[in-house]
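**Q** Have a look at this one before I ask anything.
What follows is calculated from the coordinates using simple rules that are stated; it is not laboratory data. Treat the numbers as computed from the prediction; the structure is a model and nothing was measured. Neighbour counts are summed over all protein chains in view; Cβ atoms, including those assigned to glycine, are modelled from backbone coordinates with ideal geometry.
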Ligand code: AMP
C-alpha cells in the first residue's frame, strides 16, 4: 500500500493506474475508521480495479467550538485496516498541503445544503464542497463512494458534481449500523456507556417514524412528533424532520420519496442519523 502526502505524486499515481487501463475508486474519509468506512472501501474495490482512500480531518468544515482539535486520529490503526482491505493508495495530506498560505477560493454549495446541517452548522457545507472538489482535482478517480449516513452531504456532493459537470460518478452506499441499531460513526468513540444508551434514541426515533409510515401515516407533523418524543432523552435536538429525499425541502403530507433525518446532542457529542421511508 502506497501512502502519499504530496499532491503531484498522488495525482501521478492515479493517472498511471488509468493509463494502464485500470479504473480508480476514491473513498474520502476523516479517519478513525470503522466498518462504515470499510464498507465503502469494499464497494470501491468491487466496482473499480483499485481503491484510493484519503484521510484528512478537514478544518474548513468545522466551526470554532466544534470538535476539530479532539477529533480522533488513530493513524496507524487506520492504515492497518486499509491494508487489510487491499487498498492500494492512501492520501494523507497535512493542513498546509491542502490550505497553503494565500489559499482563498471556496466552492459555494448548492441549495440542498441550506437547511438542516446547513442551519445548525453554517459554514460546514462550504468546507465540504471545497475539500471534495480539491480531492477530485488531486485524485481524478472514475468513481467516488459516499455513505448515506451523511445523507445531506451525499446530496450536496451529487448536486455539485451535476451542476459543475465534474467527470466522476458518485456512488451512494448503505448505512452500516451496530447490532443494536446505532449508526456507526467516528464520534461514537466520544460516548460514555450511559451516553451510548441515550444515543440509541436516534435510530429508535427513525424506526418509530418508519413503522408509523408503514402503517399508513402520511402526516409529517405527526411523524415528527413521534420522533421528538423518542429523542426527549437527548441533551439538545437540532432537528427531527421528514423531507423530500432529493431536495430535502420540507413536506406537509408525504406524496413522494421521503427521508427522515435527525440530529441531536448527547453530552458533548453531536450525532446524526437518517432513514429513507
Ligand atoms: P467521515 O470520516 O465521517 O467523513 O466519513 C467518510 C465517509 O464514510 C462518508 O462518505 C460517510 O458518509 C461514510 N460513513 C461514515 N459512517 C458511515 C456508516 N455508518 N455507514 C456508511 N457510511 C458511513
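**Q** Starting from the Cα coordinates of segment 136-179, work out the convex hull volume and express it per residue in Å³.
**A** Per-residue hull volume (Cα only) is 74 Å³.
**Q** Give me the distance between the Cα centres of segment 1-28 and segment 131-175, rounded to whole Å.
**A** One Cα centre to the other: 17 Å.
**Q** Then there's this: For residue 180 and residue 257 in the same chain, what is the full-extension length gain: residue separation times 0.36 nm, less their Cα-Cα distance, in nm?
**A** Residue separation times 0.36 nm, minus the Cα-Cα distance, leaves 25.1 nm.
**Q** Among 76, 117, 197, determine the one that fluctuates most according to a GNM of the chain built with springs between C-alpha atoms less than 10 Å apart.
**A** Among 76, 117, 197, the largest mean-square fluctuation in the Gaussian network model of the chain belongs to 76.
**Q** Moving on. For labels at residue 233 and residue 194 in the simple 7 Å Cα→Cβ model, what's the distance in nm?
**A** 1.2
**Q** Projected area of the chain, taken from the Cα convex hull and averaged over every viewing direction, in nm²?
**A** 14.7
**Q** Which percent, nearest 5, of DSSP beta bridges in the chain are antiparallel?
**A** 50
**Q** If you take the beta carbon distance between residue 6 and residue 80 as r and set R0 to 22 Å, what does 1/(1 + (r/R0)^6) give as a FRET efficiency, to the nearest 0.05?
**A** Rounded to the nearest 0.05, the efficiency is 0.45.
**Q** Here's a follow-up. Among 53, 29, what is the fewest-to-most ranking by other Cβ atoms within 10 Å?
**A** With the sparsest Cβ surroundings first, the list reads 29, 53.
**Q** Neighbour counts of other C-beta atoms within 10 Å: give me 151, 190 arranged from fewest to most.
**A** 190, 151
**Q** Quick one: length gained pulling residue 114 to residue 101 fully straight, 0.36 nm per residue minus the C-alpha distance?
**A** Net length gain for the segment: 1.8 nm.
**Q** 7 Å from Cα along Cα→Cβ at both residue 210 and residue 265: what's the point-to-point distance in nm?
**A** 2.8
**Q** Set the Förster distance to 41 Å, then compute FRET efficiency between residue 16 and residue 249 from the Cβ-Cβ distance, nearest 0.05.
**A** Once rounded, the FRET efficiency stands at 0.40.
**Q** Highest GNM mean-square fluctuation, the chain, Cα pairs closer than 10 Å: which of 137, 61, 148?
**A** 137
**Q** Based on the Cβ-Cβ distance from residue 94 to residue 221, what FRET efficiency comes out when R0 is 41 Å, to the nearest 0.05?
**A** Approximately 0.30, to the nearest 0.05.
**Q** Simple spin-label model, 7 Å along Cα-to-Cβ: residue 137 to residue 49 in nm?
**A** Each label point is offset 7 Å from its Cα along the Cβ direction, giving 2.7 nm.
**Q** Which of 173, 51 has the fewest other C-beta atoms within 10 Å, and how do the rest follow up to the most?
**A** Listed from fewest to most nearby Cβ atoms, that is 173, 51.
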